Amino acid sequence: MLLELRQVSKQYGMNTKALSDIDFSVKEGEFVSIIGPSGAGKSTLLRCINRMIEASNGEIIFDGANVLGSNKKELKMIRRKIGMIFQHYNLVNRLSVIENVLHGRLGYKSTIAGVLGLYQEEEKEQAVKLLQILGLEDQIYKRADQLSGGQKQRVGIARALIQSPKMLLCDEPIASLDPNASKIIMDHLRSISTKMGITILINLHQVEVALKYSDRIIGVNQGRVVYNGSPDDLTEEQIHNIYGSEVGELILDLGGKHAG
Amino acid sequence: MQGDLFAKKRRDSLVFFALLIAITCVSIVITKYDVEKGFTSIPKAISWAFSNFYPNEKSLEKLPDILLKLKETVLISVAAASVASLFALLFAIFGSETTGINGFMRKITRGIATLFRNIDVSAWAMILLFSFGQSALTGYFALFFGSFGFLTRAFTEAIDEISSSSVEALQATGASYFAIIFQSVIPTCLPQIISWVLFMIETNIRSATLVGILTGTGIGFAFNLYYKNLNYHTASLVVIVVVVAIMIIENLSNYIRRVIL
Ligand SMILES: Nc1ncnc2c1ncn2[C@@H]1O[C@H](COP(=O)(O)OP(=O)(O)O)[C@@H](O)[C@H]1O
Ligand SMILES: [Mg+2]
């Protein structure tokens, strides 16, 4: 097992219980989607794994390391093995594409090298290579804010990949993209998982996308895992369980899938 | 409902203006300010300025001397603004919501910045006169402290305003605190930072005239000297030189702003 969560809970303030006793594990190379209505706790869950948010309780084991018990230095080692991809790409807009990609190497650098932005030749070559793989060879020296949403997200993926990660955490990576760009991003993520063997844990709002790309689906509702299994076994009733009242429009999508 | 709202608004503004008039009247009575004389003296002041306060041929001889003083003033203003900006940036980083280390540090740095900001440069000049006497150093430190307070506030707001999203992304890669500051926060805020430093230089040159009168240095000293010697022609030349210098610097910084933004 690459990642294991045991009894993980998160409480915001006094009364918001965002996560309750989350238990699941992820195998190396698996493509796992987390689905659920907004406010279910998906983003919180993902961020507890690399401690961008501190869990209140429980245990998280990643690649043999105890995440919640790690000190500052150990956390840095854990974080650089986990790439993160965001809904709003989270690039430094005023810097060039390649500089943004190279930011993924900062976890491997001393503070001085990081402050001065000293990158080795191999790192720069690696950045160019990744940008080529992602179809951005013509935008390498453009400023990040001149790219389209889909291109920005691919820069985000390159930044995560240059970390040489074992796992990618993706928080609704296609929620701000049109269907075309969404498909390109999802295809890239799928091939990263299949060809590079990198584990993918992805928050998705759209069930049909999750069904199409995932090895496994974890359904979350009100901070609890209510489904954990293969996309093929996901029934309409279970989707109803996951989404609660939001279910109406989603059933239509699923009907399409079963028809096709 | 809606009618009530408008009626309430009308009543509020009525009360506000009534208060304003009351306060004005009370102030006039207390200070024994003669309103009529105040207004009638304006034309007199203007006619005096036109008959005395203009540069003549003789005053132009003093121009090289004035320019020398101007140079001193400009250099002090630039030095004060730029050195202050370094300290201000440090304080802003520690005081910002996005990059501050913890609540305690944030409070401390913001507190210090507020203290410095709320003391005017002329007040700083008076205070520093005691320690440094009438010297260029006094003027420099007065401008430095004033700039520091103002810039800390401006930079803090600039850093607070940038979305913390790229900071989050770099944290997730395992980047260290200072790497994040230099790779994400500063590149993102750089245009605002430069813009504020330019603004500070302009402001400092304006205040330097007043500070110079108090501390006996630079262009302010020159103005004070000629003015007190009743050499109004040369004093007016000083004023013109300052205005021209400020206009040049303003244009220059507007140009730089256009290029970087
Ligand atoms: N920083 C925060 N402070 C307080 N409550 C929060 C915070 N972030 C999220 N929450 C709450 O936690 C719950 C889960 O949020 P989130 O993880 O963002 O859900 P999702 O990503 O599934 O939409 C929501 O009720 C949300 O309001
Ligand atoms: Mg979310």
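Dividing the radius of gyration of the alpha carbons in chain A by their Kirkwood radius gives 0.97 for Rg/Rh. A cut-off of 5 Å between modelled amide H atoms, ignoring neighbours fewer than 5 places along the same chain, links A:ASN57 with A:SER9. Give me the angle, in degrees from 0 to 90, between the Cα long axis of helix B:186-215 and the longest principal axis of the Cα atoms of chain B, rounded to the nearest 10. The answer is roughly 30 degrees. What residue among A:SER38, A:SER20, A:SER70 shows peak mean-square fluctuation when chain A is described by a Gaussian network model with Cα springs under 10 Å? Fluctuation is largest for A:SER70. Among B:ILE246, B:ILE28, B:ILE46, the largest mean-square fluctuation in a Gaussian network model of chain B (Cα springs under 10 Å) belongs to B:ILE28.
As a calculated quantity, the FRET efficiency between A:ASP232 and A:ASP23 at R0 = 25 Å, using C-beta atoms, amounts to about 0.70. Relative contact order for chain B: what is it in percent, counting Cα pairs under 8 Å that are at least 6 residues apart? Relative contact order of chain B: 25 percent. A 1.4 Å probe over all protein chains sorts B:LYS37, A:LYS17, A:LYS109 by accessible area into B:LYS37, A:LYS17, A:LYS109, starting with the largest. Sorting A:LEU95, B:LEU20 by accessible area puts them as B:LEU20, A:LEU95; the probe is 1.4 Å, largest comes first, and only protein heavy atoms count.
For helix B:232-260, report the angle its Cα long axis makes with the longest principal axis of the Cα atoms of chain B; keep it between 0 and 90° and round to the nearest 10°. Relative to chain B, helix B:232-260 is tipped by roughly 20 degrees.
Since only B:VAL15, B:VAL29, B:LEU5 are under comparison, the one whose Cα sits farthest along the positive direction of the charge dipole of region B:2-42, derived from C-beta charges on Lys, Arg, Asp and Glu, is B:LEU5.
Heavy-atom accessible area for B:ASP4, with the other protein chains in place and a 1.4 Å probe, reaches approximately 110 Å². Per-residue mean of foreign Cβ neighbours for B:176-187 is 6 (Cβ atoms of other chains, 10 Å radius). Computed from backbone phi with θ = phi - 60° and the Karplus coefficients 6.51, -1.76 and 1.60, the 3J(HN,Hα) list for region A:39-44 is x, 6, x, 4, 5, 4 Hz; x is used for glycine and proline.
Can you give me the relative contact order of chain A as a percent, contacts being Cα pairs under 8 Å and 6 or more apart? Relative contact order comes out at 27 percent.
For region B:80-85, the Karplus equation 6.51 cos²θ - 1.76 cosθ + 1.60, evaluated at θ = phi - 60°, returns couplings of 4, 5, 6, 5, 4, 5 Hz by residue, with Gly and Pro reported as x. Peptide A:45-57 has a mean of 1 when you count, residue by residue, the C-beta atoms of other protein chains within 10 Å of its C-beta. Accessible surface for B:TRP196 stands near 90 Å², nearest 10, in the context of the full protein assembly shown (1.4 Å probe).
Quick one: angle between helix A:149-161 and the longest Cα principal axis of chain A, in degrees between 0 and 90, rounded to 10, please. Around 80 degrees separate the two axes. Projecting the Cα atoms of A:SER148, A:ASN180, A:MET167 onto the dipole axis of region A:126-189, where Lys and Arg carry +1 and Asp and Glu carry -1 at the beta carbon, places A:MET167 farthest toward the positive end.
Where both bridge residues fall in the protein assembly as shown, DSSP classifies roughly 55% of the beta bridges as antiparallel.
Here chain B is described by how far its Cα atoms reach on the three principal axes: 70, 62, 40 Å, from widest to narrowest.
In terms of Cα to Cα distance under 17 Å, which aspartates and glutamates are near enough to B:LYS44, apart from those fewer than 8 places away along the same chain? Within the straight-line cut-off, B:LYS44 pairs with B:ASP34, B:GLU36. May I ask for the net charge around B:ASN251, where only other residues with Cβ less than 12 Å from the Cβ of B:ASN251 are counted and Lys, Arg are +1 while Asp, Glu are -1? In short, 0. Peptide packing for B:66-72, A:205-211 was compared via the average number of neighbouring C-beta atoms within 10 Å per residue; ordered from the highest value, the list is A:205-211, B:66-72. Note on A:114-122: average number of Cβ atoms from other chains within 10 Å of each residue's Cβ is 3.
Dipole magnitude for the protein assembly as shown: about 1460 debye, using +1 per Lys or Arg Cβ and -1 per Asp or Glu Cβ, origin at the Cα centre. Applied to region B:72-79, the Karplus parametrisation 6.51 cos²θ - 1.76 cosθ + 1.60 on θ = phi - 60° returns per-residue 3J(HN,Hα) values of 4, 4, 4, 4, 4, 5, 5, 4 Hz, with x for Gly and Pro.
Going through the cross-link list A:LYS109/A:LYS129; A:LYS27/A:LYS212; A:LYS42/A:LYS124; A:LYS109/A:LYS212; A:LYS73/A:LYS166, which pairs have a Cα-Cα distance over 29 Å in this structure? The answer is A:LYS42/A:LYS124; A:LYS109/A:LYS212. A 1.4 Å probe, protein heavy atoms only, puts the accessible area of B:THR98 near 40 Å².
The values are calculated or read from the model by the stated rules, or taken from the named source; none is laboratory data. Nothing here was measured: the structure is a model prediction, and the numbers come from that model. Reconstructed Cβ throughout: ideal geometry from the backbone, glycine too, with neighbour counts over all protein chains shown. These accessible areas exclude ligands, DNA and RNA; they are computed on the full protein's heavy atoms, side chains included. Shrake-Rupley method; radii C 1.70, N 1.55, O 1.52, S 1.80 Å.
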